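What follows is a single structure, written as structure tokens, with notes after it.
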Amino acid sequence: MGVLAEVYEKLNTCGKCGFCHGACKTYKKDGAEYMVARGRVQLIKALADNKIDADSDYEDVVNSCLLCGECAVACPSGVKGHELVLAARRDLKLRKGTKPFAKSLVLKSLTKPGRLSFGFSFFAGPGKKILKMIDGVQFVRGIDVLSMPAAKTPFSKQVPEVITVANPKKKVAFYVGCFLNHSLVDSAHSVVKVLTKNDVEVTVPREQPCCGLPQYVYGDFESAKAQGKKVINEFGKYDAVITACASCASMLKKEMSELFHDDEDYLPKVKEFSEKCFEFSEYVSKELDTTSKLKNDTPTIVTYHDPCHMVRYNKITEEPRNLLKSVPRNKYVEMFEANRCCGAAGLVQAFYHDLSSMITADKAQNIMDSGAEVIATSCPACMLKISSGLKLKGSKVEVKHVADILASSLRD
Amino acid sequence: MLSQSVITKLKSICGEKDVITSKIGMYAYGYDGTMLEGSHVGIVFPESTQEVVDLVNFCREQGIAIVPRGAGTNVSGGTLPSDGSIVMNFARMKKLLEIDLENYVAIVEPGVVNWDIQETLAKYGYYYPPDPASWKASTLGGNLGESSGGPKCFKYGVTRDFIYGLEVVLPTGKVIWVGGRDFSSEPMYDLTRILVGSEGTIGFITKAAIRIQPIPEAKRTMLAIFNTPEDASQAVADIVSAGIIPTTLEMMDNLIINTTEDHCGAGNPRDAGALLIIEVDGHPGDLEAQVETIGEVAKKANSKDFKVATSAAEVDKIWLARRVAFGSVARVKPNYGVNDITVPRSNFPKAIAAIEKVKKDFGVTIGTVAHAGDGNLHPLILFDQRNKDEVDSLHAAEMELCRIAIDLEGTISGEHGIGILKKALLPKEFGPVGMDVFKKVKRSFDPQNQFNPGKLIDL
Amino acid sequence: MSDIIAKIKGIVGDANVVTADMPQYLKGNEQPAAVVFPGSTEDVVGIVKAAYDADVKVNVGGNVVETKGLSGGIAVVMSRMNQIEEVDPENLTCWVQAGMNHQEFVEKLSEKKLNFPPEPYAVSTSSIGGCFSIGDVDSKAFNYLPTRTFILAYESVLPTGEVYKVGTKCIKCVSGYDMIHFIAGSRATFGILTRVLVKLLPAPQAAKAVVADVPSLAAAAKAFKAIQKRKVFPTRLNALNKALGNEVMETSGCLVLVDIEGFPVSTAQYAKEVEAELKIAGASFTKVIEDKAEYDELWSKWLKVREKINLEENKVKFTVGPAKVVNALGSLSGIVSNIEENPGVLVEGLNGKITVFTDPDANAAAINNMAMGLGGNVSGLLGSQLRCKAYNDNEMLEEISRVLNSIRSEFDPKGIMAPGIKL
Ligand SMILES: Cc1cc2nc3c(=O)[nH]c(=O)nc-3n(C[C@H](O)[C@H](O)[C@H](O)COP(=O)(O)OP(=O)(O)OC[C@H]3O[C@@H](n4cnc5c(N)ncnc54)[C@H](O)[C@@H]3O)c2cc1C
Ligand SMILES: Cc1cc2nc3c(=O)[nH]c(=O)nc-3n(C[C@H](O)[C@H](O)[C@H](O)COP(=O)(O)OP(=O)(O)OC[C@H]3O[C@@H](n4cnc5c(N)ncnc54)[C@H](O)[C@@H]3O)c2cc1C
């Protein structure tokens, strides 16, 4: 049974009522029973009971989960489907040794010349650097992101290590995260602008190790822990750590403790660190008074997309909305299913491209139906995914980070 | 195992990705909401009526039985695959083909999820009244298969009452339309009605014309707390006697009140014997008087407390406990068996007393939620599926509950259907003549027993 | 033949078997051997068994039996089985014998403040057994749902002579095939209903009627649409053209009859809104009727008109979506010429149902094509045939017919029941 023994009790709690069907985007799009928490949980249990093998179909079942956490919200019995899938990924990693996905990925890509050539051309660019940090699975991560901007120089090299302000009221460290550092650099600048305009001194440490989430969610706990320790070594010394990537924020604030739960010696350090980590909008709302400084002449209709890591993992939903609403002349509209996954979901967008695109298409449609001119969110992965979804539909709606909107309303 | 040539043919009918024969596929379609398991040889996902026709014809030639399936949330074993059968999953045939608000009709494919219809209709201020608790998951095809009911059906009726017409593929592979787009299109036998609730044993539904209607202008939600379930059922009877048909009359007993408190702290008193959630809807001007009457009735029935929600948040709060009721019992035992026995309203207190006796006689823990207005009880029997003794007592207790329902002039199934689980009890409810009549029906449609064989009745 | 009659006399008593002077109990041109009046389920069992054994045809009626195909057979008249056996106000149900007169039934229930909404055409002569055996849809069905939804259980005698009981007092029951509702519309082909458990509703707390003299059916239909747009759904929302309307009251145009049952506040409000819309439609006269006696009188007149409509042989009934009635009336004029001057046109607004006096042989096909263009069709078996024809879908028609007949012969292997009914 291996590591599945640890969650066996939870696997057993699933009453097979099927309430997760409505909550699961992969099921909604695919329709097969094993593409929903009930099916996944039953199959994981079947594997634990040695009734089935961990064949490639099984791997697909476990790896196609978005980990969006919506099934857990819907489950009347309190089964947390995404956590069980995580355990199953861990189990797979241990069963199959290293990098099971890279293998299947390479095989899949070889059959699709279009993808492959794109992958290479992308890989040749600066994207390489992002991807290198992700163990084993790298080079397809961005495949879907046709127009993914790639910075020649990472953000962290574009700014001084310490960005000083005249009268610093607070000091923070900025954990940039791979995507903002290498791709959506403008949003990283927006973050700094919002903070500095509010008299916050921002340190951008030269070393920006990956938070470990990508490794963690694919069951490579060893690499994830190594990353976690690197992050804490670099950032542990600051009073407050800000990140503007929902996924990184979730890792730093929450999941790191779960990752290190079996390391009694190190765990307190992790917890202490997590306490000091803030998601951007959370920090701005809690610690700063930026709203009084906002100016804006162009009336704009704005909506907000909740990244999974914000709404379900960290329950941060009101802060970004309130910030958006506080911009003068902005009209805030709520879109249908604002809190449902956009389809990016880490590597799902790469490995299960068709599935992921269908989910993104829903998101794009909901955005368009809302009448918004700008869709704001708090996660660069969502931003890239949503952009491509909107582009495919020929929409002109702009995708921005909450920080971008605030920054452009703060006059120089 | 299907031969390669059969698989190839199936794929030529409905497409490569719509035929599944993988090991995990076999496992994942082997179960449903029950604890039983079946063993089939393949899964197909038709996406059009023509594909269904071709599949039915091909399987008939090959002598392969077909088990239709929606979301597989039924709790009677209705979608458990029979040996050597093919599961026909309608989950990918899910278009909302037409919404005609002015004429109160929508045409839908069977795989569309009840909730998705509701969400689309709500945009226009309309709804489709049948609302099984499983509505976020269950498909229209499945709702039709079981003629599902829901909390609202006391006032509005169950699935069968909202179906104008159906497109059906028969075991002959022929397609027929029964009924139409309104209530008066049935020539002679009302085939629509015999198909609704037939659990996929006589025809596969490929389209349905459903009745939709405007959402009532206003609604009031009330919560009444009682010392005993008897008091609560007295209140139910008196509300109806006062000439009021609420949309909803949901009851929860003491055990469920406590498990839901453990689960989400809804704020209900743990010492209450029962609570009732009461909802009335209609013209705003009419509701005040109805709420007042219901308040008086509750008082007369010794209610400890009676609350009327004054905001959406309060409505949510009242519903909170009911929503988590089923799952909340997982804290007591990992598994629960749902029953759906139904008795005449006047026998409701007797049914409650009989459930108490079953608890003692079989040494089982039971929590009861009920659609009290229509006498439909859901005694949840708690157990651990890994403990064989508990599973045995569960089965024995469930059989006893069904016997009680029949003795109290009720039925063994108010909304979940017979499937495999309750098949053995059917003769007790219907007697030899009644069973023979069922066989007549099955034989006239499916003499080869090819559609969902072994469900509902054996030929 | 005399054997079986003697046998039946032995079962029901000589007095309850009529062999001479039968016409008052019969309709149609053929001559059965006897008219029999059973007094109990056992009587019915005896009659059907005797007929089954002797391979003799049987048909049944409330008061009068259709004789088509019944030459030398047995006509069973249910009028002696006319008792209410149990009214159960707590469960809102009532056990009633099949021969119970509809009007009497409704009156007895209303004394107990209970409501049984289904309304067959000939309320004064219909039986409850007949009501469910035909199981049609009336103008009230939009709000109360069709007739079949009011049957919860029944006892019948199958064509093979067995007593069959199905159903409970529960409005929810999904145990086995739904034979409970399937009986509705089966017209004695599944045997003879002896007792029925009907579903009741509490009597409405308030009722009002609105009558109006509106210039044309088209104007009335427009008003009906506007009324529905306001989300007002009266119990009955009907219009009669001049010829029929004048049977109720004198009008210069068409007569609109609106029935509003419900609770005090809403009925008053709805009556106002309905009256306003009818005025907008150009009504030269409107009245809201609140007085109970006047209200009852109005609807009993309406029922008489319906009876008259039903007795008319040359008529076509069809439905279109309720929102399409205006269009349908426009097109209808092209088929049957001036509908205002027609000897009879009835519009049931909420059901989108139109009845027009015209020769079906001449016009039903054209009317059906028009109705189909508006998402509807001619009602009943005729409609189904026309529909299949219009789709050029003989295969479907054959398959439906095959299914209907295979069900029928499962129930009635010797084919003795209701010989006049063709499926
Ligand atoms: C927690 C929980 C709560 C529930 N609450 C309710 C409730 O409140 N009310 C209620 O009535 N039920 C309830 N149910 C039972 C169940 O959800 C319903 O019976 C539902 O309608 C089944 O829908 P499904 O799509 O899952 O159908 P399935 O389970 O897949 O199928 C149900 C039946 O329909 C047949 N079928 C499916 N599709 C077709 C088709 N296209 N043509 C012909 N036959 C077909 C199947 O063969 C099967 O016999 C509940 C179940 C659970 C687990
Ligand atoms: C010629 C004619 C046509 C009609 N057409 C319609 C119509 O299209 N729609 C409509 O709503 N009303 C119609 N009616 C009105 C009809 O009177 C009502 O439906 C009424 O409720 C029937 O009751 P009854 O007792 O008069 O039935 P009958 O006229 O005696 O019988 C009607 C049908 O029901 C069957 N039946 C009667 N009693 C039983 C029983 N106990 N068990 C089994 N079967 C039984 C008969 O065999 C017959 O097929 C029609 C009436 C007549 C005379």
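With respect to the stated conditions, residue A:7 is more than 7 Å from every other protein chain (Cβ to nearest Cβ), away from ligand 1 (no atom under 16 Å from the Cβ) and in a helix (DSSP H, G or I). The residues of the stretch B:157-171 that are in contact with a Lys or Arg (Cβ under 9 Å, 6 or more places away or on another chain) and without any contact (Cβ under 8 Å) to a residue 60 or more places away in the chain, listed by number, are B:160, B:161, B:162, B:163, B:164, B:165, B:166, B:168. Residues in the stretch A:347-369 that are assigned to a loop (DSSP other than H, G, I, E, B) and touching a Ser or Thr at 6+ places or on another chain (Cβ under 8 Å): 1 in all. In the stretch A:162-227, counting only helices (runs of 4 or more DSSP H) that sit wholly within it, the ones holding 1 or more residues that are over 17 Å from the mean Cα position of the chain (by Cα) span A:185-197.
Is it the case that the stretch C:341-360 has a residue that's in a helix (DSSP H, G or I) and in the same structural domain as residue C:245 (by TED's automatic domain parsing)? The answer is yes; a qualifying residue exists. Residues considered: B:97, B:80, B:101, B:121. Of these, the only one that is touching a residue at least 24 places away in the same chain (Cβ under 8 Å), within 15 Å of ligand 1 (Cβ to nearest atom) and under 30 Å from residue C:326 (Cα atoms) is B:97.
Would it be correct to say that residue B:201 is away from chain A (no Cβ under 14 Å), buried (at least 23 other Cβ atoms within 10 Å of the Cβ), near ligand 1 (Cβ under 8 Å from one of its atoms) and over 23 Å from residue B:115 (Cα atoms)? Yes. Per the listing A:80, A:96, the residue uniquely closer than 30 Å to residue B:320 by Cβ, surrounded by fewer than 24 Cβ atoms within 10 Å (Cβ to Cβ) and not acidic (Asp, Glu) is A:80. Among the residues of the stretch C:321-344, those identified as in contact (Cβ under 8 Å) with a residue 40 or more places away in the chain, surrounded by fewer than 22 Cβ atoms within 10 Å (Cβ to Cβ) and of a type in the set (A, V, I, L, M) are C:323, C:326. Within 14 Å of chain B (Cβ to nearest Cβ) and in contact (Cβ under 8 Å) with a residue 12 or more places away in the chain: is that true of residue C:262 in this structure? Considered against the rule, which asks whether it is within 14 Å of chain B (Cβ to nearest Cβ) and in contact (Cβ under 8 Å) with a residue 12 or more places away in the chain, residue C:262 comes out as yes. The set of residues from the stretch B:268-284 being touching a residue at least 24 places away in the same chain (Cβ under 8 Å) and either closer than 25 Å to residue B:356 by Cα or of a type in the set (Phe, Trp, Tyr) (or both) comprises B:268, B:269, B:272, B:273, B:274, B:275, B:276, B:277, B:278.
Residue A:376 - would you say it is aliphatic (A, V, I, L, M) and either assigned to a loop (DSSP other than H, G, I, E, B) or at pLDDT below 95 (or both)? Taking the combined requirement at face value, the residue does not satisfy it. Within 12 Å of residue B:343 (Cβ to Cβ) and touching a residue at least 24 places away in the same chain (Cβ under 8 Å): is that true of residue B:377 in this structure? When the stated conditions are applied, residue B:377 passes them. Restricting attention to the stretch A:29-53, the residues that are within 16 Å of ligand 1 (Cβ to nearest atom) and free of Cβ contacts under 8 Å to residues at least 24 places away in the same chain add up to 4. Reported count of residues in the stretch C:170-190, each being under 22 Å from the mean Cα position of the chain (by Cα), more than 16 Å from residue C:89 (Cα to Cα) and facing chain B (nearest Cβ under 10 Å), is 12. Name the single residue, out of those in the stretch B:108-164 being surrounded by 21 or more Cβ atoms within 10 Å (Cβ to Cβ) and in a strand (DSSP E or B), that is nearest to the other protein chains (Cβ to nearest Cβ). Top of the filtered list is B:113. Of the residues making up the stretch A:400-412, not one is surrounded by fewer than 24 Cβ atoms within 10 Å (Cβ to Cβ) and over 18 Å from residue A:297 (Cβ atoms). Inspection of the stretch C:212-234 identifies at least one residue that is within 13 Å of another protein chain (Cβ to nearest Cβ), aromatic (Phe, Trp, Tyr), within 25 Å of residue C:253 (Cβ to Cβ) and in a loop (DSSP other than H, G, I, E, B).
Would you confirm whether or not the stretch B:108-130 contains a residue that is modelled with pLDDT under 95, assigned by TED's automatic domain parsing to the domain that holds residue B:194, of a type in the set (A, V, I, L, M, F, W, C) and in contact with a Phe, Trp or Tyr (Cβ under 6 Å, 6 or more places away or on another chain)? No, the stretch B:108-130 contains no residue that is modelled with pLDDT under 95, assigned by TED's automatic domain parsing to the domain that holds residue B:194, of a type in the set (A, V, I, L, M, F, W, C) and in contact with a Phe, Trp or Tyr (Cβ under 6 Å, 6 or more places away or on another chain). Please verify whether the stretch C:131-142 includes one or more residues that are farther than 30 Å from residue B:339 by Cβ, within 11 Å of ligand 2 (Cβ to nearest atom), part of a loop (DSSP other than H, G, I, E, B) and at pLDDT 95 or above. No; the residues of the stretch C:131-142 include none that is farther than 30 Å from residue B:339 by Cβ, within 11 Å of ligand 2 (Cβ to nearest atom), part of a loop (DSSP other than H, G, I, E, B) and at pLDDT 95 or above. Do we have residue B:220 as within 14 Å of another protein chain (Cβ to nearest Cβ) and away from ligand 2 (no atom under 16 Å from the Cβ) here? Yes: the conditions hold for residue B:220. Restricting to the stretch C:372-423, and then to whatever is of a type in the set (S, T, N, Q) and more than 7 Å from chain B (Cβ to nearest Cβ), can you tell me which residue is surrounded by the fewest Cβ atoms within 10 Å (Cβ to Cβ)? Ranking the candidates gives C:392 first.
Would you mind stating whether residue C:20 is of a type in the set (A, V, I, L, M), surrounded by fewer than 21 Cβ atoms within 10 Å (Cβ to Cβ) and part of a loop (DSSP other than H, G, I, E, B)? Here the answer is yes, as residue C:20 does meet what is asked. For the stretch C:94-132, the set of residues classified as of a type in the set (Ser, Thr, Tyr) and crowded, with 24+ Cβ neighbours inside 10 Å consists of C:127 only. Per the listing B:262, B:281, B:238, the residue uniquely within 14 Å of chain A (Cβ to nearest Cβ), in contact with a Lys or Arg (Cβ under 8 Å, 6 or more places away or on another chain) and more than 30 Å from residue B:420 (Cβ to Cβ) is B:262. Considering the stretch C:32-123, the qualifying strands (runs of 3 or more DSSP E), each wholly inside and each with 3 or more residues that are at pLDDT 95 or above and not charged (D, E, K, R), run over C:34-36, C:58-61, C:74-77, C:93-97.
Report yes if some residue within the stretch C:271-293 is closer than 30 Å to residue B:289 by Cβ, away from ligand 1 (no atom under 16 Å from the Cβ), without any contact (Cβ under 8 Å) to a residue 40 or more places away in the chain and within 14 Å of chain B (Cβ to nearest Cβ); otherwise report no. Scanning the stretch C:271-293, I find at least one residue that is closer than 30 Å to residue B:289 by Cβ, away from ligand 1 (no atom under 16 Å from the Cβ), without any contact (Cβ under 8 Å) to a residue 40 or more places away in the chain and within 14 Å of chain B (Cβ to nearest Cβ), so the answer is yes. Looking across B:409, B:400, one residue alone is facing chain C (nearest Cβ under 8 Å) and more than 16 Å from ligand 1 (Cβ to nearest atom). It is B:409.
The values are calculated or read from the model by the stated rules, or taken from the named source; none is laboratory data. Keep in mind that this is a model prediction, so the values were computed, not measured. Using ideal geometry, Cβ is built from the backbone for each residue, glycine included, and neighbour counts are taken over all protein chains shown.
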